[in-house]
Amino acid sequence: MASEFETITAIGIQCAQAGKNQEALEWFTKGVALSPKSAHAHLYQGNAYSALGNLSAALKCYNKAIDLNPQFVEAYNNLGLLLIQHHDYRNSLIYFAQAIRVDRQFCDAYLNQGFALFELADYAAALQSYEKAVQIQPHHALAYNNLGNTYKALEQYLPALQCYEKAIQFNPSLADPWYNRGILLGDMGEEREGVLSCDKALAINPQLARAKWARTFLQIPQIEAFGEDPQIARKQYSISLDALDAWFVAWQNDSTKLLKNAIGADVVGSFQPFYLAYQAEDNRQLMARYGQLCCRLMAQWQQSRGYEARQFAVRGRIRIGIVSHYLCDHPVWNAFLRGFAHHLKRTEFELIFFYLGKVHDQETQLARSLATSFIEGKTGIVDWTETILAQQIEVLIYPDIGMDQMTTKLASLRLAPLQLVMWGHPETTGLPTIDYFVSAQCFENATSPNNYTEQLLTLANLGCCYERLSVSPTEVNLEQLGINPKLPILLCPGSIFKYAAQFDWILVEIARRLGACQLVFFVASSKANLAARFEARLLQAFAQAQLKLNDFVVFIPWLERPDFFSLMKQSDVFLDTLGFSGFNTAMQAIECDLPIVSHAGQFMRGRLAAGILQRLNLPELITHTAEEYIALAVRIAQDSNYRERIVAQMQANRSVLFDDVLPIRELETFLTAHCRS
């Protein structure tokens, strides 16, 4: 016959399982009173306090349980889980390690330790923890799922896929591995398979919002197949976006509104229409619908939490906040943030950096030294929202929106009276919370305002103060890279998803007219699957012209900057990508005396290199038709005298591209007029 303590504990457990946490606490408290020296009684009471969000009371209970039984692994484990719940990942590791010291076969401690390490971005250590967990329990589906997440973070995609499939094999009714497999397949360029995997997750859990969200954006392919009509994918994306919006509207009418608000904030930014920008089409309407959905979901979350950009006294210097994941050696920092931070007038402005990233290098240290305040290390949307609001920012600037999940969440909120976006991702955000899109005179024309949901603010020249990179090129052996130095070398330096299928024929025609030449493309090791799809498409495009791809095209790995500069100095032509131009690579090419063939696209994202050449007073390198682009590439590659004349002009004029403070002065004037009028 069960004792009174056992009966009370059983009732408490039943209440906890039913989600009746307050009732469970009352029963467990009675259990502690009946058996104050029972470590389990204090553990159960701590669990109830934890479920109710009472951190201090739960900590006290778990520590009491450990005092009573220093070998109580469950208490150490639950104490660590409590700290994870409050985003204190580093201290949680202390208790998981203690649990493991007590019992080296306690699988849950390895599993939870791996999770904390993953959140701290210590992926190598997380990998070891998860591998130990699956060694102890070889059929642990959740452990394999988390192991897959870690391999994915390390950009080891095939091992990640194998882990997800093992998780599915061991527990096919678990939704998360199906979802994670879906987004991984999307990253690998297998978007259709990714959609099917997300659908599997939704069949298991129809309320899995992140799977519903992801399958919408998986409609946009990274790499188009040969002969594929991109309009079909755009139409399917539009239909899916409507369905996603309707799905969330239906949620607004149910009884789980508070839960819904939390889920909405969880999914925003988890998948984004990033690859839409790489289609040379007008995306304003699609981006506006997407942006309105993001802002509606985040506004619901913001209202439910009571967060507002409160009124505050305006005095002294204008407080500018910059929110970025890329305060490090990255194109976003190099293009405009470094120069902005160096030259902003500190007598009139305070500069507060909110660093969302985890990479720390010399550029991060430079950013820290140039800022009035440098804030980092926050975890989660609540922490970042409260931190930004507490700083009473007058102007919040997002250098890029659309590349990082947390950035998109925050940008979908109103956290400052004035909110701006720069062109780190050169596409309209669609977000009603963003007031201005900061661009440049050299990149825009009379019709440009029609392309943005934000008001367009064009600054002088290139719109940024670009600082010359300090690079000492190495001596790269071209033959070791598979490049024949005796043939004309035409660099194609864009990421492979920048190459839209509609322009493949232009590359083929350049090769046909030149004859013996080499088009050099770059492939990241983590994108081997995408590269294979791109190569297969080019193979068909060249075959259609009765040419062999291998006679004209070379794929090489991404190079470190000194090696890349060396290659540019040994090349003949820089072929800028059509539809989505390059900025940093074009500036680097000019530093390396490499002539650029550019195309003035319809949208700002297709005119970056053309804008640089306009500023350089080299309009003859800006083409407006496919035929002009082909003819210019062939001429530069074949005519060494012409190429030398172009290089001489570049050398004579290029100083105007660097250290131009006029755009910063114009932005300062605009901000002063707006904030101090």
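With each label modelled as a point 7 angstrom along the Cα→C-beta vector, the A121-A153 pair spans 1.0 nm.
All Cα-Cα distances of region 1-49, cut into 10 Å bins from zero to the largest, leave 34, 56, 9 percent in each bin in turn.
Here the calculated FRET efficiency for W558 and R315, from their Cβ-Cβ distance with R0 = 35 Å, stands at 0.10, rounded to the nearest 0.05. Across region 632-639, rounded Karplus estimates of 3J(HN,Hα) from the backbone phi angles (6.51 cos²θ - 1.76 cosθ + 1.60, θ = phi - 60°) give 5, 4, 5, 5, 4, 5, 8, 9 Hz, Gly and Pro being marked x.
For the pair region 41-77 and region 401-460, the centres of their Cα atoms are 48 angstrom apart.
Once the Cβ-Cβ distance of K235 and D67 is raised to the sixth power relative to R0 = 60 Å, the FRET efficiency obtained is 0.40.
Find how many whole Å separate the alpha carbon centroid of region 611-676 from the alpha carbon centroid of region 554-590. Between the Cα centre of region 554-590 and that of region 611-676, the gap is 16 Å. Assuming charge only on the beta carbon of Lys and Arg (+1) and of Asp and Glu (-1), the dipole of the chain about its Cα centre is about 920 debye to the nearest 20.
Placing dummy labels 7 Å off each Cα toward the beta-carbon, the span from A543 to T447 is 3.8 nm.
In whole angstrom, how long is each semi-axis of the equivalent ellipsoid of region 479-657, when you take the square root of 5 times every eigenvalue of its Cα gyration tensor and sort them from largest down? Semi-axes from the Cα gyration tensor: 24, 18, 17 Å. Extension gain for I204 to C107 (0.36 nm times residue separation, less C-alpha to C-alpha distance): 32.3 nm. Name the shape class, rounded, prolate or oblate, that the alpha-carbon gyration tensor gives for region 302-458, where a ≥ b ≥ c are the square roots of its eigenvalues, rounded holds for a/c under 1.5, and otherwise prolate holds if a/b is larger than b/c and oblate otherwise. Note, shape of region 302-458 comes out rounded. About the centre of its Cα atoms, region 17-72 shows a dipole size close to 80 debye [charges on the beta carbon of Lys, Arg (+1) and Asp, Glu (-1) only; nearest 20 debye]. Under the criterion of Cα pairs below 8 Å and six or more residues apart, the relative contact order for region 275-404 equals 30 percent. Considering only Cα atoms, the convex hull volume of region 435-498 works out to 181 Å³ per residue.
Label positions at D639 and L662, each projected 7 Å from the Cα along the C-beta direction, are separated by 3.0 nm. Applied to region 286-303, the Karplus parametrisation 6.51 cos²θ - 1.76 cosθ + 1.60 on θ = phi - 60° returns per-residue 3J(HN,Hα) values of 5, 5, 5, 5, 4, x, 5, 5, 4, 5, 5, 5, 6, 5, 4, 5, 4, 5 Hz, with x for Gly and Pro.
The length gained on full extension between T347 and D329, counted as 0.36 nm times the residue separation minus their Cα-Cα distance, comes to 3.7 nm. Does the chain classify as rounded, prolate or oblate by the C-alpha gyration tensor (a ≥ b ≥ c root eigenvalues; a/c under 1.5 gives rounded; else a/b over b/c gives prolate, otherwise oblate)? Judged from the Cα gyration tensor, the chain comes out prolate (a/c at least 1.5, a/b above b/c).
Taking amide H positions as modeled 1.01 Å from N, with prolines and chain starts lacking one, the residues under 5 Å from D660 and 5 or more places away or on another chain are Y466. Compared with the direct C-alpha span, the chain from Q135 to I94 gains 12.6 nm at full extension, assuming 0.36 nm per residue. Here the scattering of region 146-288 is modelled by Debye summation over its C-alpha atoms, one equal scatterer each and no solvent; at q = 0.12, 0.13, 0.16 Å⁻¹ the log10 of I(q)/I(0) is -0.52, -0.61, -0.90.
Between R368 and R284, the FRET efficiency from the beta-carbon distance, with R0 = 35 Å, is close to 0.40. Per DSSP helix of 4 or more residues, -39500 (n - 2.57); summed, then divided by the residues of the chain. What does that give at 222 nm, rounded to the nearest 500? When only DSSP H runs of four or more count, the value is -16500 deg cm²/dmol. Applying the Karplus relation 6.51 cos²θ - 1.76 cosθ + 1.60 with θ = phi - 60° to region 95-102 yields 3J(HN,Hα) values of 7, 5, 5, 5, 4, 5, 4, 6 Hz, where x marks Gly and Pro.
Here, each number is a calculation from the coordinates, and none is a lab measurement. Keep in mind it's a predicted model, so treat the numbers as computed, not measured. No Cβ is skipped: glycine too gets one built from the backbone with ideal geometry, and neighbour counts run over all protein chains shown.
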